[in-house]
1. Quick one: work out the % antiparallel among DSSP beta bridges in region 40-155, nearest 5.
2. Local charge sum around Val135 (other residues, Cβ-Cβ under 15 Å, Lys/Arg +1, Asp/Glu -1)?
3. Which of the peptides 145-151, 7-13 is most tightly packed, and how do the rest follow, judged by the mean count of other Cβ atoms within 10 Å per residue?
4. With 10 Å bins from zero, work out the P(r) of region 1-59 over every alpha carbon pair and list the percent per bin.
5. Shape verdict for region 71-155, please, from the Cα gyration tensor: rounded (a/c under 1.5), prolate (a/b greater than b/c) or oblate.
6. Treating only the Cα positions of the chain as identical point scatterers, give the base-10 log of I(q)/I(0) from the Debye formula at each q in 0.14, 0.21 Å⁻¹.
7. What list of ³J(HN,Hα) couplings, whole Hz, do you get for region 68-82 from phi and the Karplus terms 6.51, -1.76, 1.60, once you set θ to phi - 60° and write x for glycine and proline?
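All of the numbers you see were taken from the coordinates with simple rules; none came from a lab. What you see is a predicted model; the values in this text were computed from it and never measured. Here the Cβ positions follow ideal geometry from the backbone for every residue, glycine too, while neighbour counts run over all protein chains shown.
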Amino acid sequence: MRITIVAVGRLKERFWREAADEYLKRLRGYADVRVVEVADRDPAHGGEAKARDLEGVAVVKALPEGAHVVCLDRGGAELDSEALAASVAALKVRGVSHVAFVIGGSTGLAPAVLDRADERLSLGRMTFPHNLARVIVLEQVYRAFRIMRGEPYHK
């Protein structure tokens, strides 16, 4: 299975990069995982809506052709780790070979991106910085593959 993480912004601090790289390394044995970063826009130049829309254009262009798109959205479904694993397993059974998780920037995701989503996923009711959200998504995808294989990680 191929997994693409499309993320607005880049991981500037070393500790975020190291955390993300650790989960990318762990995922190598389970899936072909790639991270695509699109430039974040400064809302001080034109406002939040304009920044979000410009980011949205870049995100839509970055989405892999034919991928099942999962947008992180606070209004999305709240799944526990086992349910996420079941969802990924169900996609595989349906013949879906590529899943793209989309993580917005500080102003969220543009309506054009949310409209492209096949599903929306919430990390819960708390707000997380997008850097941490990326690490959480990578960790949860890793955990999902471990659960699907019956390997002891998720306890």
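1. 10
2. Charge balance near Val135 sits at +2.
3. The packing order, highest mean first, is 7-13, 145-151.
4. 21, 40, 28, 11, 1
5. oblate
6. Once normalised to I(0) and log-transformed, intensities are -0.66, -1.50.
7. 7, 9, 10, 8, 6, 8, 4, x, x, 5, 9, 10, 7, 4, 5
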